[in-house]
């Protein structure tokens, strides 16, 4: 709220916190008041449905819907929100393929670094989906967040940034490591702290350039 009020500058508008009265809702069907999720339009294979704002529903229904949507989103490899993506560059979040960053509009926060990464073609880390070989369950899913992703030598090459069902997760890992994992016979990524194994499969909507060698 503080940031939104700060950015309103001299505009004649009032910014108020309406979280107690309204929710962001999602649906797999086009319904009145809902618009297509903009990330679904240009990224082939990303089906995030429709979303909009509606009056709050019961807390139980809200929690179930939030869980199902987050599970689906993580399976697709799409990160969302500050808790998952805070401190991460837009191109590391694959925002260019999700129609979430522009290279033709005016200034925006982080524009210089984003343009530089695109110009150099050097995005060294990416947010990617993984599947745990042995899930830990919904109750322990948050224990995965923050765990290190390590290579075969035990060197840290990334970290887990999201999981809600304990079976799938999002990691932010070095592109070189993801590329090497695909070339290995088992295709396994190892998560430190619990010694969990996870497999990485390239999302269907990723451009080929995402894992291209820099050579």
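The values are calculated or read from the model by the stated rules, or taken from the named source; none is laboratory data. Predicted model, so just to flag it, every value in this text is computed and none were measured. Cβ placement follows ideal geometry from the backbone for every residue including glycine, while neighbour counts extend to all protein chains displayed.
Key figures for this structure:
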| read-out | value |
| --- | --- |
| Residue under evaluation residue 9, criteria (1) modelled with pLDDT of 85 or more; (2) at positive phi, criterion not met | (1) |
| Members of region 40-73 that are in a helix (DSSP H, G or I) and at pLDDT below 85 | 40, 41, 42, 59, 60, 61, 62, 63, 64, 65 |
| Any pair with Cβ under 6 angstrom, 6 or more apart, that starts in region 197-215 at a residue that is at negative phi and surrounded by 12 or more Cβ atoms within 10 Å (Cβ to Cβ) and ends at one that is in a loop (DSSP other than H, G, I, E, B) and at pLDDT 90 or above | 203/77 |
| Number of the exception - residue 147 against (1) modelled with pLDDT under 85; (2) out of contact with any helix residue (DSSP H, G or I) (no Cβ under 9 Å at 6 or more places or on another chain); (3) under 24 Å from residue 82 (Cβ atoms); (4) surrounded by 17 or more Cβ atoms within 10 Å (Cβ to Cβ) | (1) |
| Any hit, region 79-87, residues being within 24 Å of residue 40 (Cα to Cα), modelled with pLDDT under 85 and in a loop (DSSP other than H, G, I, E, B) | no |
| Count - residues of region 1-43 that are surrounded by fewer than 11 Cβ atoms within 10 Å (Cβ to Cβ), within 19 Å of residue 67 (Cα to Cα) and in contact (Cβ under 8 Å) with a residue 12 or more places away in the chain | 1 |
| Subset of region 62-75 (residues that are closer than 14 Å to residue 128 by Cα and buried (at least 19 other Cβ atoms within 10 Å of the Cβ)) | 73, 74 |
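Yes/no matrix, rows are residues, columns are (1) in a helix (DSSP H, G or I); (2) in contact with a strand residue (DSSP E or B) (Cβ under 6 Å, 6 or more places away or on another chain):
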{"residue": "122", "(1), (2)": "no, no"}
{"residue": "131", "(1), (2)": "no, yes"}
{"residue": "136", "(1), (2)": "no, no"}
{"residue": "140", "(1), (2)": "yes, no"}
{"residue": "158", "(1), (2)": "no, yes"}
